[in-house]
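This report concerns only the one structure given below.
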Amino acid sequence: MANPFKEIGELTRDVETYLRKNRSAISNNSKRISDFFEMACYNNVVRFYENNGYEVTIKNLLKNKFKYKCTTAGNPANYSFFEAKISIGKLEHIFEIRHNINVQSYHNNNIYTTPDICIIKPNSVLLDDDFYDSKMKYYFIENKSIISFCEVKNFNPFPELLFNFIGVVNELKPHLLRQVNQSGVRHIATSLMISGKSNKHAKRIIDSLQSRYHINILSDLFNIGGITFGRHSYRYIRRV
């Protein structure tokens, strides 16, 4: 079984290489390996949109640095993100690729969860002053504003992790388990992105879930993340 953990220096180089391409630099104080893996996965989702014909640009640089939002708290306005734009016919479609945004449940407007990576409609972040019992502000998006999302886990795949992901999709966008978008604008399907390699049992579970639901469960991304999202392989990633 491959070790799901990777040296921070190697992941940092992966992130810096991608951001150098976009004339930016890292601005992040976290040293947790899970954060760096999450940043690498975020970059891979951006690559997916580039490879699918979107024009992708960095938004909200802070002192000329890209600041990842490696926390569920905080004002999204204080962090950077990517904008993805595509024209189909005479219509231009614009979306934001965001990091750790609180999302309203599909089933209940008063409960939320926070996917690691979200594709959302532009300018959709809202503020709730009454969410907490203190003066702290809560930033979120309405359920109608989320297009798709990805969860990132720095583990080897195990049954509970795989099954729990289906519950998250059901809570936020249950129709994405089965329905393919017919609008002509293609997005990455809801995806679980895992650092470690699957054993035989986990592989059977992944195959079973992907045969039942229109999702991606992508494992061993420490070793093959670049290949999985590369120009010759990205088309095998399911889209909605």
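Suppose we keep only residues that are of a type in the set (A, V, I, L, M) and more than 17 Å from the chain's Cα centre (by Cα) within segment 205-223. Which one would you say is farthest from E50 (Cα to Cα)? Explain how you work it out, then say what you get.
Quick first cut of segment 205-223, residues of a type in the set (A, V, I, L, M) only: 205-206, 209, 215, 217-218, 221.
From what is left, the residues that are more than 17 Å from the chain's Cα centre (by Cα) are 205-206, 209.
Numbers: I205: 30, I206: 27, L209: 27 Å.
Here the answer is I205.
If you go through segment 36-43 one residue at a time, do you hit one that is surrounded by fewer than 20 Cβ atoms within 10 Å (Cβ to Cβ) and farther than 22 Å from I120 by Cα? Working first, answer last.
Restricting attention to segment 36-43, the residues satisfying the condition of being surrounded by fewer than 20 Cβ atoms within 10 Å (Cβ to Cβ) are none.
The answer is no; no qualifying residue exists.
For segment 105-129: of the residues being part of a strand (DSSP E or B) and in contact (Cβ under 8 Å) with a residue 40 or more places away in the chain, which is surrounded by the fewest Cβ atoms within 10 Å (Cβ to Cβ)? Don't jump to the end; show me each part of the working.
Of the residues in segment 105-129, the ones part of a strand (DSSP E or B) are 112-113, 117-120, 126-128.
If we keep only those that are in contact (Cβ under 8 Å) with a residue 40 or more places away in the chain too, we end up with 113, 117, 119.
Numbers: T113: 15, I117: 23, I119: 23.
In this case the residue turns out to be T113.
Identify all residues within segment 173-228 that are aliphatic (A, V, I, L, M), within 23 Å of K6 (Cα to Cα) and free of Cβ contacts under 8 Å to residues at least 40 places away in the same chain; write none if there are none.
Answer for segment 173-228, where residues must be aliphatic (A, V, I, L, M), within 23 Å of K6 (Cα to Cα) and free of Cβ contacts under 8 Å to residues at least 40 places away in the same chain: L218, I224, I227.
Need the failing condition index for F155 against (1) farther than 28 Å from S87 by Cα; (2) at pLDDT 95 or above; (3) in a loop (DSSP other than H, G, I, E, B), just the number.
Going through (1) farther than 28 Å from S87 by Cα; (2) at pLDDT 95 or above; (3) in a loop (DSSP other than H, G, I, E, B) one by one, F155 breaks only (2).
Restricting attention to segment 75-98, and to residues there that are within 24 Å of T114 (Cα to Cα) and touching a residue at least 60 places away in the same chain (Cβ under 8 Å), which single residue is nearest to the chain's Cα centre (by Cα)?
Applying the filter and picking the extreme gives F95.
Would you check if S198 is surrounded by 14 or more Cβ atoms within 10 Å (Cβ to Cβ), among the small types (G, A, S) and over 15 Å from P115 (Cα atoms)?
Values: surrounded by 14 or more Cβ atoms within 10 Å (Cβ to Cβ): yes; among the small types (G, A, S): yes; over 15 Å from P115 (Cα atoms): yes.
For S198, the condition - surrounded by 14 or more Cβ atoms within 10 Å (Cβ to Cβ), among the small types (G, A, S) and over 15 Å from P115 (Cα atoms) - is met.
Looking at N102 and the list (1) within 24 Å of L62 (Cβ to Cβ); (2) touching a residue at least 40 places away in the same chain (Cβ under 8 Å), which single condition is not satisfied?
Condition not satisfied by N102: (2).
May I ask you to list pairs of residues, at least six apart or on different chains, whose Cβ atoms are under 6 Å apart, with the first in segment 11-26 being within 15 Å of V56 (Cβ to Cβ) and the second being among the basic types (K, R) and part of a helix (DSSP H, G or I)?
none
Condition check ((1) more than 25 Å from I97 (Cα to Cα); (2) of a type in the set (D, E)) across all residues:
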site	(1), (2)
S124	no, no
D130	yes, yes
K135	yes, no
Y138	no, no
S145	no, no
V185	no, no
K197	yes, no
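The values are calculated or read from the model by the stated rules, or taken from the named source; none is laboratory data. Keep in mind that what you see is a predicted model, and the values were worked out from it rather than measured. Here Cβ is always computed from backbone atoms with ideal geometry, including for glycine, and neighbour counts include all displayed protein chains.
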